[in-house]
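Each value in this text was obtained by applying a stated rule to the coordinates, not by laboratory testing. No experiment lies behind these values; they were computed from the predicted model shown. Positions of Cβ are generated from backbone atoms using ideal geometry, with glycine treated the same way; all protein chains shown enter the neighbour counts.
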Amino acid sequence: MSHSLRTLFSLRPSMADAPVASVGPVPFKDVDADSGSGSSVLEQLPEEHADLVSGLPCAPRPNGLSNLRCYEGFWLPEWSVPVAVALQRRFQPRRDDVIVASFPKCGTTWVNALTFATMARRAHPAAGAGHPLLRLNPHQCVPFLEALFRSRRGEAKLEALPSPRLMNTHMPLRMMPPADSAGGCKVVYVCREPKDMVVSLWHYLRRLQPDLPLADVSESVCGGAAMYGPVWDHILGYWSASTARPDSVLFLRYEELLRDPAKHVRKLARFVGLPFSGAEEEAGVVDDIVKLCSIGHLKTLEANKTGHVDPIFPIPREALFRKGVAGDWVNYMTPEMARRIDEIVADKFHTTGLTFQEWLTHADSIDL
Ligand code: A3P
């Protein structure tokens, strides 16, 4: 690791002498002394954005959660409006960067793990006893752009990472730099059937508010004012980009990943420019990655059973791994709730070629 990288990340003592790969992606927590301390996330928001934020439409949220503000058509937590501005103005993706993008509760953790394990497999064989995913939560391996762009120090950390970098975001596509300035960076988007996303989100938020009715969560998603919503516009932004630029945006479906994870890991590897060799196929590397990242396996690991998702968002990490199935909405939603979501989906998506009834997707038809 270079001197400047060591200085910037001020390595924790235990990691200071560990070998650090000169190629990315590196497990982010291994090079970030601040992660887990909350110091960067609690940094004051820049004064210059106070007027911008206070002038935006507001949707208050209970339980100490940051209010939502509608910025450029999307409902963002108040603290992340300046983050969106910073991303739009200053984020300079590299040609070989890979960004995992998603609406919350659509399989982010899984796709982070799969993409990390796929891209880092030469430095960290998936079947190896020392794999970073055996001691770190997937979100500790893949830095969250929103957290990094909360401060100049975070931005500098991102800049110092070796290529290829792997990052994660929940931001809508319009908060990302325009494609022509993105230097060819690649985006892996994971989308999920909205009723299952709502049920997953409800279970998650109940960790903060146990009496939260499912109807309230469903209503806020349907009305658009859910974190990073409207979900339909979030999905459509990335969907349109994937149809216009399939070599830059890979559109994955959570349900399809469940149905055939190995097929999608191969697709992912080809997309990021690291296809599996014949020797790797023969050695069973794809299956090793699938097994390493399976919910059944991740759930058993100490790193995923302890700790919290974020120092200022006190949900236990184990809440990231619940059932991991498709169609769980039938166990919780009333027929009226389900119908309302289906009607909005039909209305928003009917001209787009994207449906949630059948699982045959655009991504399947791309010969990567
Ligand atoms: P459920 O609540 O329906 O079980 P996110 O990572 O975007 O927060 O999404 C969380 C959802 O993905 C949860 O869905 C969770 O159980 C599921 N999930 C997490 N890890 C998974 C994995 N390795 N494989 C399949 N699903 C996973």
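Determine which single condition residue 176 fails, assuming it passes every other condition in (1) surrounded by fewer than 24 Cβ atoms within 10 Å (Cβ to Cβ); (2) in contact (Cβ under 8 Å) with a residue 40 or more places away in the chain; (3) more than 16 Å from the ligand (Cβ to nearest atom).
The single condition residue 176 does not satisfy is (1).
Which pairs do you get when a residue that is charged (D, E, K, R), found in the stretch 96-114, comes within reach of a residue that is near the ligand (Cβ under 6 Å from one of its atoms), reach meaning Cβ atoms under 7 angstrom, with the pair 6+ apart or on two chains?
Hits for this filter: 105/200.
Kindly establish whether residue 215 is crowded, with 22+ Cβ neighbours inside 10 Å and away from the ligand (no atom under 16 Å from the Cβ).
In short, no.
Tell me yes or no: at least one residue of the stretch 111-130 is within 16 Å of the ligand (Cβ to nearest atom) and within 16 Å of residue 230 (Cα to Cα).
no
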